[in-house]
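Colleague: After the structure tokens below, expect a handful of questions from me.
The values are calculated or read from the model by the stated rules, or taken from the named source; none is laboratory data. Everything quoted here is computed from the prediction, not taken from an experiment. For neighbour counting, all protein chains shown are included, and Cβ atoms are generated from backbone atoms with ideal geometry for every residue, glycine included.
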Amino acid sequence: MVVDTGPIHQFEPASNTKVRESLGYSVLTFRDLVGCISRLASDNPHFNLYYRGQDRDYRDQKNRSKIYPSLYRPREGQSRLQRPTIQRRLESMKTAIGSMRDGHRELMLPESVLSHHDEYYQALLQHYELRATPLVDVTVSLRVAASFALADNAEEGFLFVLNLPLPTGSISHFIDSNMVLVRLQSVCPGVALRPHYQEGYLVGQLRSQAQKLVGDNLARRLIGKYRLINKDRKFWDDDFSPIPRNALLPQNDEFGERLRKRLPTIPG
């Protein structure tokens, strides 16, 4: 793991707690970010790297980074999440999954054994932001994650590097670590544009109870945190340009439109 140790940036071994508490290793260009990730991967060959880009670094009460799925995030402006809110979100998600199962043909979802698993539908609901779910979006593309972190040419963003298992299938269950990993390209039809541009995965806990658990905080698998600095708008260059927003979130996604028509967005 790496952590920013002061004004003169240095790499050193660090615990997950230290990485989460840090301000993040400051990076001025995408080219430098590639070098940082290469060093991180080389120093930790037993880790499988996944990325998540955010416009800010959300912190818990101990001032440590936190990454919770939408199901367990408080509403904007609230510090605590009430159990009735979780229950209501769960019921809404279950209803939406039932509607998707009933409308399988209407949605033109491919006939697949995957459709017997709830995570198949949870991944679609989460990725298209139609319902709160116990899954978190990540990607194997460093460029995709950095593009999300600095969306709309923002002055600053954060890139989180996570150690997750290698997938064993389209929907991978890891019993020992109580984790599920969904390869988004495998659960979406070919006409769905967003998943194929984003090289996305969804990750969360295997669960049988309706409550937030310690393991739901994906930041517990954080091995690197980078603060992307773009104040002079020079993070990207001619060789390394951001993925356009319309490519990451295409407006002409037919599958997404079918989903939204059947499952109108409701407040979280």
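Colleague: Within the set of pairs 6 or more residues apart or between chains, which connect a residue that is more than 21 Å from SER141 (Cα to Cα) inside the range 52-72 to a residue that is among the aliphatic types (A, V, I, L, M) and assigned to a loop (DSSP other than H, G, I, E, B) with Cβ atoms less than 6 Å apart?
Modeller: Once the first residue is more than 21 Å from SER141 (Cα to Cα) and sits in the range 52-72, its partners that are among the aliphatic types (A, V, I, L, M) and assigned to a loop (DSSP other than H, G, I, E, B) give SER70/ALA132; LEU71/ALA132.
Table: residues versus (1) within 30 Å of LEU259 (Cα to Cα); (2) surrounded by fewer than 19 Cβ atoms within 10 Å (Cβ to Cβ); (3) touching a helix residue (DSSP H, G or I) at 6+ places or on another chain (Cβ under 7 Å).
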| site | (1), (2), (3) |
| --- | --- |
| VAL214 | no, yes, no |
| ASN217 | yes, no, no |
| SER241 | no, yes, no |
| ALA247 | yes, yes, yes |
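Colleague: Here is a list of conditions, (1) touching a residue at least 60 places away in the same chain (Cβ under 8 Å); (2) of a type in the set (Ser, Thr, Tyr); (3) outside any loop (DSSP other than H, G, I, E, B); (4) under 22 Å from LEU164 (Cβ atoms), and SER26 meets all of them except one; can you say which number that is?
Modeller: All conditions are met except number (4).
Colleague: Just to check your reading of the model, which residue among LYS231, LYS261 is in contact with an Asp or Glu (Cβ under 7 Å, 6 or more places away or on another chain) and surrounded by fewer than 18 Cβ atoms within 10 Å (Cβ to Cβ)? Give the derivation first.
Modeller: Details: LYS261 fails: in contact with an Asp or Glu (Cβ under 7 Å, 6 or more places away or on another chain).
After ruling out the rest, the residue left standing is LYS231.
Colleague: Quick one: in the range 65-93, of everything that is outside any helix (DSSP H, G or I) and among the hydroxyl-bearing types (Ser, Thr, Tyr), which residue is surrounded by the most Cβ atoms within 10 Å (Cβ to Cβ)? Outline the logic, then answer.
Modeller: At the first step, the residues of the range 65-93 found to be outside any helix (DSSP H, G or I) are 65-69, 73-82.
Still in the list and also among the hydroxyl-bearing types (Ser, Thr, Tyr): 65, 68, 79.
Working: SER65: 23, TYR68: 18, SER79: 7.
Result: SER65.
Colleague: Then there is this: What residue, of SER115, SER172, is surrounded by fewer than 23 Cβ atoms within 10 Å (Cβ to Cβ), farther than 30 Å from ASP32 by Cα and at pLDDT 95 or above? Steps first, answer last, please.
Modeller: Numbers: SER115 fails: at pLDDT 95 or above.
After applying the criteria, what remains is SER172.
Okay, residues lined up against (1) at pLDDT 95 or above; (2) under 30 Å from ARG83 (Cβ atoms):
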| residue | (1), (2) |
| --- | --- |
| ASP176 | no, yes |
| VAL180 | yes, yes |
| VAL187 | no, yes |
| LYS212 | no, yes |
| ALA219 | yes, yes |
| PHE235 | yes, no |
| LEU259 | no, yes |
| PRO264 | no, yes |
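Colleague: Of the conditions (1) crowded, with 21+ Cβ neighbours inside 10 Å; (2) under 18 Å from SER26 (Cβ atoms); (3) not hydrophobic (A, V, I, L, M, F, W, C), SER147 fails just one. Which one is it?
Modeller: Among (1) crowded, with 21+ Cβ neighbours inside 10 Å; (2) under 18 Å from SER26 (Cβ atoms); (3) not hydrophobic (A, V, I, L, M, F, W, C), SER147 violates only (2).
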